1. Please find, among A:394, A:379, the residue that is of a type in the set (A, V, I, L, M) and either within 29 Å of residue A:322 (Cα to Cα) or part of a loop (DSSP other than H, G, I, E, B) (or both).
2. Could you please find all residues in segment A:356-374 being outside any loop (DSSP other than H, G, I, E, B) and hydrophobic (A, V, I, L, M, F, W, C)?
3. Please work out which one of (1) surrounded by fewer than 16 Cβ atoms within 10 Å (Cβ to Cβ); (2) out of contact with any strand residue (DSSP E or B) (no Cβ under 6 Å at 6 or more places or on another chain); (3) more than 28 Å from residue B:199 (Cα to Cα) is the condition residue B:163 fails and give its number.
4. Can you tell me which condition residue B:304 does not meet? The list is (1) over 30 Å from residue B:207 (Cα atoms); (2) part of a loop (DSSP other than H, G, I, E, B), and all the others hold.
5. For segment B:39-56, name all the residues that are surrounded by fewer than 15 Cβ atoms within 10 Å (Cβ to Cβ) and either in contact with a strand residue (DSSP E or B) (Cβ under 9 Å, 6 or more places away or on another chain) or within 11 Å of another protein chain (Cβ to nearest Cβ) (or both).
6. Among the residues of segment A:320-348, count how many are without any contact (Cβ under 8 Å) to a residue 24 or more places away in the chain and touching a helix residue (DSSP H, G or I) at 6+ places or on another chain (Cβ under 8 Å).
7. Filter segment B:226-243 for residues that are more than 7 Å from chain A (Cβ to nearest Cβ) and surrounded by 24 or more Cβ atoms within 10 Å (Cβ to Cβ); which is nearest to residue A:205 (Cα to Cα)?
2 protein chains.
Amino acid sequence: MTASPLAVAAGPGDVLQLFRTQPTLTRADVMAQTGLSRSTVNQRLDALLSAALVVPSGEGAPTGGRPASRFAFNSDRGVLLVADIGATGMRIALCNLRGEVRHERDQDIDVADGPSPVLTAVDVAFRALLASAGCDPADVHGIGIDVPGPVDFDSGQVVSPPIMSGWDRYDIPAWFTGRYDCPVLVDKDVNAMAVGEHRSVHPHVRQLLMIKAGTGIGAGMIIDGGVYRGADGAAGDIGHIQLSVSDLSGTDAPVCRCGNAGCVEAYAGGWALVRDLNSAGRSVRTVSDAVALIRTGDVTAVRLARRAGRILGHAIADSVSLLNPSVVVVGGQLAGIEEQLFAGIREMVYRRSLPLATRKLTIVATTLGPRSGLVGMALLLADSIFAAPRVETLIARQ
Amino acid sequence: MTASPLAVAAGPGDVLQLFRTQPTLTRADVMAQTGLSRSTVNQRLDALLSAALVVPSGEGAPTGGRPASRFAFNSDRGVLLVADIGATGMRIALCNLRGEVRHERDQDIDVADGPSPVLTAVDVAFRALLASAGCDPADVHGIGIDVPGPVDFDSGQVVSPPIMSGWDRYDIPAWFTGRYDCPVLVDKDVNAMAVGEHRSVHPHVRQLLMIKAGTGIGAGMIIDGGVYRGADGAAGDIGHIQLSVSDLSGTDAPVCRCGNAGCVEAYAGGWALVRDLNSAGRSVRTVSDAVALIRTGDVTAVRLARRAGRILGHAIADSVSLLNPSVVVVGGQLAGIEEQLFAGIREMVYRRSLPLATRKLTIVATTLGPRSGLVGMALLLADSIFAAPRVETLIARQ
């Protein structure tokens, strides 16, 4: 009962959802799919047509006074701007209203420079994309930003981010107010990655666990087909699951950048791998250096990578035991050492988790690679912009 | 988009949902809440009335040829039978069609006797409840059984249950076919407990984690208001999250009854507590004995209970990091040592999990106590029986 929403009359927003998920529809299609009367369908469609959210389409387009018979979502009514912000770089895109990327670029940044310089760089890049697409800020229907840290999804504030110094409680949507007159959606990067991989690669999967193994380690979850963020937007904090219980083992667990000790990330995160490689006499500065060294086959580096895979595998096994997903997707920079990492991950998951949870489980590397966050954020933004109540607002504005 | 289902015309099953969640409704209420036309509402209501799923109600009941104006769900059209099967005992109830318990009893059993003796005992108890309520098997609209082991929810089969010897792949619904002509729903006990606590005590919470700390340890999850079972029904296997990583610590982790070593349950389950108390020279046979001894204040027993609380707290902290629930409810026999257990649980959760995930988190003991599974299973069964497609079947049978 709680799980099945009550049937309610379909408003213009609900009717628009039909057009967003199907190429074209007739009035009769809309009647059949909503159960609305002909006069209500005409009313809904008139509202969507006069707001240019829906347009006549295809061979039924009006000629010589004959009314149009087929209609489609107007994905070129405006554009969406999206930025996928990482620790040391960002990807920016201009998308149509379906969330499909039309123009894209990337550039280096340092997220630790703080919000003002980073968001200024984002805005400069946005303006350049708009100019090259022949658009102006008034065409922007929504802005989507994803960041490498926890986000209070309702307010769009970054909360206690370990690697984003100066961003704590920063109100990203407020920064864009005045610059653009549109909604601003902020999410955690790994949630966007989960959506990107889910919609583009595994659309029929209901439960998907996305692991980001980069400098840090995090998880995004698709549950019953939608992003799961938890009660406060903090879900998926897999990097700080504790591995060694010092009460029991007495060993000295490595200190994590979150302030605790023995976290998964403190053993298997990219930064920990860099630390351990240096301790072992290999001189590496960045996670990319570490990945490159491991790919050369250096024996010590490979041994450390396999160890990281097993530790990450412990955390993934815990998550599989708890969540029982159908698919686990591993992305992030460390997915570049797939061979070394995946052996350890699979070993641990199949050893530790209940047979019922693993018999149909698939563990795969990212398909979209470094673009999964950008692609997913654009799709999340499109969904958010065209959520039913916002559609009513768009119509009322006309 | 994936998260927002398309609007569709409300069938008789959807209309019945309105009656199940509200005391009484008029035809106008149904029109307003569904957007259906008057003639369609009349048609839906006639079908529900002639199937006696809905009845005239209250002051608007028909008198002197005036048609009824108010209608209500007919919760006494038949009864539901529910059994909450534990390792050493079971609770059985006869409920109305809202899933409200009307007659209840409990008795000792040994689940390890295997399915045939246990289900025979369930059936004998069901027949006694039916007789005392003046009902017969034809009045039974549904049977709900919950068991202390993993269940493949779609088929109702128990799968690889560690403590239910002889039950692996046993088809519980098939056992009842021939004895009763009604749907049989089988679920894992902790899922039923989660539903019981959620609906009865925390109805407005969207994300709830139910921990069963008994002989074994398990978790049930309410996600976005509904039970989350995972892709194969294996979600919530918190008892076999691994605590000590022998690769790292070199300590000898205790062997678990699942066949692995170092599981949460192998340290903090009731059976492990019994084992450790005996090793420490205290003679206890059952988990109840252990709980009773801890409540006497025996220093060694209290020390072991606090240790169990901290270990359980590690696993709960991991789950909180991953799921970010609003409420954690702890039930099962070990909730009887709340004072000793909760200190350790709270210590670990607040130390380990992200501040964003714990700032609004509540950790509470079960309110329904040993009845949470029974109460929840009855509610789950009522929802399942009156899911829209089944309502169509009930109507077609008339």
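1. A:379 is the lone residue from the list that is of a type in the set (A, V, I, L, M) and either within 29 Å of residue A:322 (Cα to Cα) or part of a loop (DSSP other than H, G, I, E, B) (or both).
2. Residues satisfying the conditions are A:356, A:357, A:363, A:364, A:365, A:374.
3. Of everything listed in (1) surrounded by fewer than 16 Cβ atoms within 10 Å (Cβ to Cβ); (2) out of contact with any strand residue (DSSP E or B) (no Cβ under 6 Å at 6 or more places or on another chain); (3) more than 28 Å from residue B:199 (Cα to Cα), residue B:163 misses just condition (1).
4. Residue B:304 satisfies all of (1) over 30 Å from residue B:207 (Cα atoms); (2) part of a loop (DSSP other than H, G, I, E, B) except (2).
5. Of everything in segment B:39-56, just one residue is surrounded by fewer than 15 Cβ atoms within 10 Å (Cβ to Cβ) and either in contact with a strand residue (DSSP E or B) (Cβ under 9 Å, 6 or more places away or on another chain) or within 11 Å of another protein chain (Cβ to nearest Cβ) (or both), namely B:39.
6. Qualifying residue count for the region: 1.
7. The selected residue is B:227.
This table checks each residue for (1) within 25 Å of residue B:177 (Cβ to Cβ); (2) modelled with pLDDT under 95; (3) not in a helix (DSSP H, G or I).
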site	(1), (2), (3)
B:43	no, yes, no
B:68	no, yes, yes
B:82	yes, no, yes
B:105	yes, no, yes
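The values are calculated or read from the model by the stated rules, or taken from the named source; none is laboratory data. All values reported here derive from a predicted model rather than from experimental measurement. Every residue, glycine as well, gets a Cβ built from its backbone with ideal geometry; the counts of neighbours run over all protein chains shown.
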